[in-house]
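I have placed the structure first, in the form of structure tokens, so that the comments after it can refer back to it.
Values in this text are rule-based calculations from the coordinates and carry no lab data. Given the structure is predicted, the values throughout are model-derived calculations rather than measurements. Quick reminder, even Gly has a Cβ in these numbers, built from the backbone with ideal geometry, and neighbours come from all protein chains shown.
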Amino acid sequence: MKTMMKRSMALILTLAVFGAWVNTANAADPTEDKLISDLASPKEGTVTDALGKIERLYPTTTKALPAMEKLLTDPRKKVVLKDAQVLGIIHANVSADSIKAISMLLDSKDKPEVIIGLKSLRGLKAQSTIPKIVPLLQNPDSNIKRDSCRTLAVLGDKSLIPAIKPLLQVPELAVQKDASDAISILEKK
């Protein structure tokens with residue numbers, strides 16, 4: 001009986017500590033207004049942290065979108081990349097100017113920037129960028145080819161199949177797989 005009482009007390013104590021931790025964690029979440037004000041910070045880390053928290057805590061925000069869209073022209077590259085990434089992840093309804101700004105990442109010589117641009121566009125209504133994505137199917141980098149296939153599968157239609165088909169013959173199996181998957185998706189559209 002004593003052992004059972006000790007176990008029950010230990011369980012109650014554990015649950016109480018866990019409950020207090022959950023309440024403290026939730027109380028620490030910043031408000032949407034606080035995160036929006038953080039987007040104007042001169043500190044790069046504060047801005048990128050706020051973007052990450054908006055993605056996690058307020059993924060359906062419309063209130064933060066104007067401030068987020070302005071960040072696409074920020075001179076700090078890390079801010080622009082994180083912003084583009086978050087806008088795509090939350091499937092934001094952004095302006096044509098914002099789509100253009102994000103599509104500029106596709107012109108970069110930096111592979112991670114191109115890939116972030118492709119992934120971001122995949123999450124947006126960005127069909128206007130298809131002509132800019134199709135040439136990336138010829139990029140020498142396999143990962144850029146693969147992400148181009150994935151993005152075209154989301155944004156495109158059957159008319160893109162002939163542009164993707166040559167990738168079924170490249171030596172890289174991963175590229176062949178993504179090309180095949182993209183073609184399969186596009187055939188159903």
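Numerical summary
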read-out: Identity of the residue in the stretch 139-164, of a type in the set (G, A, S) and either in a helix (DSSP H, G or I) or closer than 19 Å to D107 by Cβ (or both), that ends up nearest to the chain's Cα centre (by Cα); value: S148
read-out: Residue match in the stretch 156-175 (condition: closer than 30 Å to I54 by Cβ, surrounded by 13 or more Cβ atoms within 10 Å (Cβ to Cβ) and without any contact (Cβ under 8 Å) to a residue 60 or more places away in the chain); value: yes
read-out: K77 vs. criteria of a type outside the set (S, T, Y), surrounded by 13 or more Cβ atoms within 10 Å (Cβ to Cβ) and under 20 Å from S98 (Cα atoms); value: yes
read-out: Which numbered condition T61 fails, given (1) out of contact with any Asp or Glu (no Cβ under 7 Å at 6 or more places or on another chain); (2) outside any helix (DSSP H, G or I); (3) over 21 Å from I115 (Cα atoms); value: (1)
read-out: Selected residue [among the aliphatic types (A, V, I, L, M) and in contact with an Asp or Glu (Cβ under 7 Å, 6 or more places away or on another chain)] from I130, I54, I89; value: I89
read-out: Cross-chain or 6+ apart pairs with Cβ under 6 Å, the stretch 128-141 first and farther than 17 Å from D178 by Cβ, then in a helix (DSSP H, G or I); value: T129/S103; T129/L121; K132/S103; K132/L106
read-out: Residue among L71, L87 that is touching a Gly at 6+ places or on another chain (Cβ under 8 Å), buried (at least 21 other Cβ atoms within 10 Å of the Cβ) and within 22 Å of A101 (Cα to Cα); value: L87
